[in-house]
Amino acid sequence: MAPFDRSEWLRRARVRLARRAAVSRPAAEEQHAAEYAAILGLEAVVGWAKGRGLSVDFHPKVETGRYGAEARCVEVSSRITPQKQLVIALHELGHYLIQVSGRAADLFPHGYNRIDEGNPSRDALHKVDVVAEEFDAWRRGWNLARRLGAPIDREYFDTVRSEYLKSYFRWALRRGRVRDT
């Protein structure tokens, strides 16, 4: 796993710019500007997390992102664009904000905190609370971006959010997997 390194992220962005410029210079420059803004946003988000004793690491084997409360770590895929890394990091930090609010068990009593009870995935209450917590983590992530002044496009954030929430809907509605309570 690699920690965030602004100079390395900028170097990679310059390499991508050079590759894209061979095809279309204006499009490449527009994409580079978006990546540069996202890298600045990542720097702010990683700094905020570090100030709270959290690490934010980037790893090629992480599919998208995850938050580990016990490890106090957010892991984000190193294989996705800086724009998506920023959005995913914000979402995972939304889970952290839910946890530190001390209200997760009250807000989502059948959600992720039930994972330790075995396999609650067949339980409709569990699935509903997991989806509700995902919505809340996205909301808190967006609010964190606003507080930090992270340069992030709302439409892009919402597009990524809807992409991932749809996967939770599919999981929650899978036939034969939900047991009514």
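Observations on the model:
- Meets criteria (of a type in the set (K, R) and at pLDDT below 95) for R72: yes
- Considering region 163-178, and only residues there that are assigned to a helix (DSSP H, G or I) and among the basic types (K, R), the residue that is modelled with the highest pLDDT turns out to be K166.
- Taking region 1-118 and the helices (runs of 4 or more DSSP H) fully enclosed by it, the elements with 2 or more residues that are free of Cβ contacts under 8 Å to residues at least 60 places away in the same chain, acidic (D, E) and on the phi < 0 side of the Ramachandran plot are at 25-50.
- Close pairs from region 138-157: first closer than 24 Å to Q99 by Cβ, partner buried (at least 21 other Cβ atoms within 10 Å of the Cβ) and of a type in the set (S, T, Y), Cβ under 9 Å, at least 6 apart: R140/Y96
- Residue match in region 78-87 (condition: crowded, with 16+ Cβ neighbours inside 10 Å and among the basic types (K, R)): yes
- Residue match in region 60-72 (condition: farther than 23 Å from D153 by Cβ, touching a Leu at 6+ places or on another chain (Cβ under 7 Å) and among the charged types (D, E, K, R)): yes
- Every residue from region 5-15 that is over 16 Å from F58 (Cα atoms) and surrounded by 12 or more Cβ atoms within 10 Å (Cβ to Cβ): R14
Let's see how each residue does on (1) of a type in the set (G, A, S); (2) under 26 Å from S101 (Cβ atoms):
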position: A28; (1), (2): yes, no
position: H32; (1), (2): no, no
position: E70; (1), (2): no, yes
position: V74; (1), (2): no, yes
position: S77; (1), (2): yes, no
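- Annotation note: of A44, A18, A28, the sole residue that is of a type in the set (G, A, S), over 25 Å from E134 (Cα atoms) and buried (at least 17 other Cβ atoms within 10 Å of the Cβ) is A28.
- When the criteria are applied in full, K50 meets the requirement of being modelled with pLDDT of 95 or more, under 20 Å from E8 (Cβ atoms) and of a type in the set (K, R).
- The residue of region 147-162 that is surrounded by the most Cβ atoms within 10 Å (Cβ to Cβ), among those that are among the acidic types (D, E) and at pLDDT 95 or above, is D158.
The values are calculated or read from the model by the stated rules, or taken from the named source; none is laboratory data. As the structure is a prediction and not an experimental result, all values here were calculated from the model. Glycine also receives a Cβ, built like all others from the backbone with ideal geometry; neighbour counts cover every protein chain displayed.
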